[in-house]
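The values are calculated or read from the model by the stated rules, or taken from the named source; none is laboratory data. The structure presented is a predicted model; accordingly, all values stated were derived computationally and were not measured. Note that we place each Cβ from the backbone using ideal geometry, even for glycine, and neighbour counts take in every protein chain shown. Protein only, heavy atoms only, side chains kept; ligands, DNA and RNA dropped before computing areas. Shrake-Rupley method; radii C 1.70, N 1.55, O 1.52, S 1.80 Å.
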Amino acid sequence: MTDSARIAQVERETSESQVRVEVNLDGSGVARIDTSVPFYDHMLTALAKHSLIDLEVEARGDTHIDVHHVVEDVAIVLGSALRQALGDKAGIRRFGDATVPLDEAVALAVVDLAGRPYVSCEGEPEGQQYCLIGGHFTGSMTHHVFESFALNAGICLHVKLLSGRDPHHIVEAQFKAVARALRTALERDHRVSGIPSTKGAL
């Protein structure tokens, strides 16, 4: 396995947003986040902290219309940066899972860095998708963030809410569970020789 730096910087500019994301997969969870969407900043900071990915995000866009474009585009760029930083994936654990509580909310996340994108997000109570959290972020965006992130990262991601009532707690538990699952999957394991797949490629 290689010990080369797993760092990537990706930018994306459209008529709707301007996004720059930098990741260091072997960091300590340092986050510098400014998306202009405060609750999203909070969630991405938690993602960095609990995955131990150093994460820098700068984003601006047409939030006077809706925050959807900025939130989505950040997730797209973050996924692309993760894919780039992973390189050939030699020596990683590949799989990760975590169950994380936040008061009454409990979320489960399972990750496979297989290179085959797939997303499942289930278990949220009816009405969660319509909740406005932090004045800008709607509950429906959570699934969309995970979907955009996973499809662009090329990973398989399952997120299941096991229990929850408060909309903020639900989303935060989901993000933290994904972070902890990623932390395990991304880790280098010196017992792993080469690519962790019987096919020899991920």
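Report, in deg cm²/dmol and to the nearest 500, the calculated mean residue ellipticity at 222 nm for the chain, where each DSSP H run with n ≥ 4 adds -39500 (n - 2.57) and the sum is divided by the residue count.
Rounded to the nearest 500, the figure is -11000 deg cm²/dmol.
Rounded to the nearest 0.05, what FRET efficiency do Glu13 and Leu151 give with R0 = 22 Å and r taken as the Cβ-Cβ distance? Could you check?
0.65
Quick check: net charge around Pro196, other residues with Cβ under 9 Å of its Cβ, Lys/Arg +1 and Asp/Glu -1?
+2
How big is the chain by the Kirkwood estimate over distinct Cα pairs, in Å?
Radius from the Kirkwood sum: 16.8 Å.
Per residue of the stretch 38-53, what does 6.51 cos²θ - 1.76 cosθ + 1.60 with θ = phi - 60° give for ³J(HN,Hα)? Whole Hz please, x for Gly and Pro, Karplus curve as stated.
Along the stretch 38-53, the couplings run x, 5, 5, 4, 4, 5, 5, 5, 5, 4, 5, 4, 8, 8, 6, 8 Hz.
Using Cα positions and a limit of under 16 Å, work out the aspartates and glutamates in reach of Lys199, with same-chain residues fewer than 8 apart set aside.
Asp88, Asp112
When the dipole is taken about the Cα centre of the chain, and only Lys, Arg (+1) and Asp, Glu (-1) are charged at their Cβ, what size is it in debye, to the nearest 20?
In total the dipole reaches around 900 debye.
What net charge is computed for the residues neighbouring Ala31, neighbours being all others with C-beta under 13 Å from the C-beta of Ala31, Lys and Arg scored +1, Asp and Glu -1?
Local net charge: -4.
Per residue of the stretch 161-177, in order, report the coupling 6.51 cos²θ - 1.76 cosθ + 1.60 (Karplus, θ = phi - 60°) as ³J(HN,Hα) in whole Hz, putting x for Gly and Pro.
Taking θ as phi minus 60°, the curve returns 7, 8, 6, x, 10, 7, x, 5, 4, 4, 5, 5, 4, 5, 5, 5, 5 Hz for the stretch 161-177.
Using only Cα atoms, find the angle between the long axis of helix 68-86 and the longest principal axis of the chain, and express it within 0 to 90 degrees, rounded to the nearest 10.
10 degrees
Mind checking which lysines have their C-alpha under 26 Å from Lys49, skipping anything on the same chain fewer than 8 residues away?
Straight-line reach from Lys49, under 26 Å: Lys89, Lys160, Lys176.
Convert each backbone phi in the stretch 15-24 into a coupling constant with the Karplus relation 6.51 cos²θ - 1.76 cosθ + 1.60 (shift: θ = phi - 60°), then list the ³J(HN,Hα) values in order as whole Hz, x for Gly and Pro.
Per residue, the Karplus-derived 3J(HN,Hα) values read 6, 9, 7, 10, 10, 10, 10, 10, 10, 10 Hz.
Carbon and sulfur together cover what percent of the accessible area of the chain at a 1.4 Å probe radius?
Reported share for carbon and sulfur atoms: 49 percent.
Once each part is reduced to its C-alpha centroid, what is the distance from the stretch 8-26 to the stretch 41-88 in angstrom?
7 Å
Determine the per residue accessible area of the stretch 1-44 with all protein chains present and a 1.4 angstrom probe, expressed in square angstrom.
On a per-residue basis, 51 Å².
Met141: net charge of surrounding residues, Cβ under 11 Å, Lys/Arg +1, Asp/Glu -1, itself excluded?
Once all neighbours under 11 Å are counted, the net charge is -3.
Out of Ala75, Ala8, His42, whose Cα points farthest toward the positive end of the dipole of the chain (charges: +1 Lys, Arg; -1 Asp, Glu; placed on Cβ)?
Ala8
Return the long-range amide H neighbours of Gly27 (sequence gap of 5 or more, or a different chain), with a cut-off of under 5 Å between placed amide H atoms.
Under 5 Å from the amide H of Gly27: Asp54.
Where nothing but the Cβ of Lys and Arg (+1) and of Asp and Glu (-1) is charged, how large is the charge dipole of the stretch 99-162 around its Cα centre, in debye to the nearest 20?
240 debye
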